1. If one puts a single equal scatterer on every Cα of the chain and applies the Debye formula without solvent, what log₁₀ I(q)/I(0) results at q = 0.10, 0.17, 0.18 Å⁻¹?
2. Counting Lys and Arg as +1 and Asp and Glu as -1, what is the net charge of the other residues whose Cβ lies under 11 Å from the Cβ of TYR109?
3. Where is the GNM fluctuation largest for the chain (alpha-carbon springs, 10 angstrom cutoff): LEU66, LEU54, LEU170?
4. Going down the table (LYS166/LYS186; LYS154/LYS213; LYS120/LYS213; LYS154/LYS201; LYS60/LYS206; LYS30/LYS213), which pairs top 24 Å between alpha carbons?
5. Order of 150-156, 119-125 by packing, highest average Cβ count within 10 Å first?
6. Give the aspartates and glutamates whose C-alpha is closer than 13 Å to that of LYS190, dropping any in the same chain fewer than 8 places away, or say none.
7. So what's the convex hull volume per residue for the Cα atoms of region 126-213, in Å³?
8. Excluding CYS205 itself, calculate the net charge of residues whose Cβ lies under 11 Å from the Cβ of CYS205, where each Lys or Arg counts +1 and each Asp or Glu counts -1.
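Only the coordinates and a few stated rules stand behind these numbers; no lab work does. Keep in mind that this is a model prediction, so the values were computed, not measured. Ideal geometry is used to build each Cβ from the backbone, glycine not excepted, and the neighbour counts take in all protein chains shown.
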Amino acid sequence: MKVHAYQEMYVHRAQSALGDAFDYAINVLKMQPNDFITLFLVSSISKSMEVGELKYVTGKSGIEILVDIIYETTGKEFEIEAEDRFFRTREYWIGWAVAYYQWYSGRSYSEIFEAVSFEKLQNMYYTLHEADITKFVEIMDSLLKEYFHETNLKRRRVRCKLSQSKLSELSGVSLRSIQMYEQRNKDINKASADKLYRMAKILSCKMEDLIEK
């Protein structure tokens, strides 16, 4: 059973808010999609939405979220007047669908946009925007598993430029265990909290960053 960061009753609000933020950023402010995504990902707002901070998943509109993102990341402060928009754009759908997938999967927005480009999401719109959201989830799961074929442990270790034996030496976790976790012959999700903590400390990440979704 999946454990979600916040209750399902709030998901629709989060979807609408992120959908509006994408729509207004790209179609009203004429921002380049990847530029807006970069600002969103480096802002604290993306992290707040991931953990279900009610201020962002239920309290603010998409336009208010957009203003917060731009102010936090660029220092530019301005007001955006809401426009009456009687149709849902492709960009709205992308924000709407990705917000649902983030809630459902528990993956970070950074992981999602690293694995699936905005351009690929645009192409998915034409066949999926009228389909049940579960179809989008199935496709996204497949794309992310294909992209992140290496375990989180291996990716973090390589990023830190550590060999398996060096990580073993520094963390006190046996070399054999590390090898088996990386080869998926042993489920790291069932590792003791102590082992996860020791490896995470050496790899400068959180324990949950080593867990496989």
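1. With no solvent term, the Cα-only Debye profile gives -0.51, -1.15, -1.24.
2. On the way: positive: LYS47, ARG107; negative: GLU50, GLU111, GLU114.
Its environment carries a net charge of -1.
3. LEU170
4. On the way: LYS166/LYS186 20 Å; LYS154/LYS213 15 Å; LYS120/LYS213 22 Å; LYS154/LYS201 15 Å; LYS60/LYS206 28 Å; LYS30/LYS213 35 Å.
In this structure, LYS60/LYS206; LYS30/LYS213 exceed 24 Å between Cα atoms.
5. Values: 150-156: 18.0, 119-125: 15.4.
Per-residue Cβ counts within 10 Å, averaged per peptide and sorted highest first, yield 150-156, 119-125.
6. Of all the aspartates and glutamates, those that pass the test against LYS190 - Cα under 13 Å, at least 8 places apart if same chain - are GLU208, GLU212.
7. Details: hull volume 9.7 nm³, N = 88.
Looking at region 126-213, the number lands at 110 Å³ per residue.
8. Numbers: positive: ARG155, ARG156, ARG157, ARG159, LYS201, LYS206; negative: GLU208, ASP209.
Result for the local shell: +4.
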